[in-house]
Amino acid sequence: MTENYCTTSEAAQLLGVSLRTAQQWVEKGLLEGWKTSGGHRRINRDSVLRLLEHRREEVVAPFAITVLIVEDDAALLKLYRLQMSRWPFEATLYTAPNGYDGLVMVGEAAPDLLICDLRLPGVNGFQIVRSLRNMERYNGMAIVVISGLPLAEIDAHGGLPPGVEIMGKPIDFARLKDIATELWQCNAEPRPS
């Protein structure tokens, strides 16, 4: 870091956030920055230090994210719970054993992240995801579909809406943690003074 400015990666490291989060904070004006003629961001060092101090003063209780898992396999739900218990931040976990209960729980829990199987009793995962993506109030919710179905079969069912991440089985728990971490960092985003 030079005396007056730093790179985005240096700012992210100092603030303890992802590179993407630091970039978003520059775009939102929470950090003072500019782009060089080569397209690289430079961030005012003092703005990083001010934000760091503000975050230290503001954090009284840990921020949490809310996760809803719609899955009918009890053994798989235990595995989700075990993996999520190892996350380095708090996650409030809700589960639903079928699509109908899942839709009801979305309204009650307002999750930040929905993890949904496609093959479910009653209302299937395709119907859940399409319904939620058609409701404006859930546009900010991250949706990850977990399925053993081949992509061709998913396409044969009409595919999935844009912005829905598809994961196969076995589940990539490291990727799920990355998604949740990014959501957690956004929840922990400092409020402008």
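Quick note: the coordinates plus some simple rules give every number you see, no bench work behind them. No experiment lies behind these values; they were computed from the predicted model shown. Please note: Cβ atoms are built from the backbone with ideal geometry, for glycine as well, and neighbour counts cover all protein chains shown.
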Q: List every DSSP H helix in the chain whose Cα atoms extend 18 Å or more along the helix's own long axis and whose mean Kyte-Doolittle hydropathy is at least -0.5.
A: 173-187
Q. Does the chain classify as rounded, prolate or oblate by the C-alpha gyration tensor (a ≥ b ≥ c root eigenvalues; a/c under 1.5 gives rounded; else a/b over b/c gives prolate, otherwise oblate)?
A. prolate
Q. Among the lysines, which have Cα under 22 Å from the Cα of K169 when same-chain residues fewer than 8 positions away are ignored?
A. K78, K177
Q | Partners for K28 among aspartates and glutamates (Cα-Cα distance below 20 Å; same-chain residues under 8 apart left out) | A | E10, D46, E53, E58, E182, E189
Q.
Quick check on the chain: helices-only [θ] at 222 nm, where DSSP H runs of length 4 and up contribute -39,500 (n - 2.57) each and the sum goes over total residues. Nearest 500, please.
A. -13000 deg cm²/dmol
Q | Of all DSSP beta bridges in the chain, antiparallel share, percent nearest 5 | A | 25
**Q.** Total formal charge among the other residues, if their Cβ is under 12 angstrom from that of L176, Lys/Arg +1 and Asp/Glu -1
**A.** -1
Q. At A74 and E53, where each label point lies 7 Å from the Cα along Cα→Cβ, what is the point-to-point distance in nanometres?
A. 5.6
**Q.** Sorted peptide list for 157-163, 129-135, criterion being average Cβ within 10 angstrom, highest first
**A.** 129-135, 157-163
Q) Farthest toward the dipole's positive end in segment 64-186, which of A156, M105, L77, given Cβ charges of +1 (Lys, Arg) and -1 (Asp, Glu) about the Cα centre? A) L77
Q: State the Cα centre-to-centre distance between segment 121-164 and segment 13-55 in whole Å.
A: 34
Q | Relative contact order (%) - criterion: Cα under 8 Å, at least six apart; region: the chain | A | 19
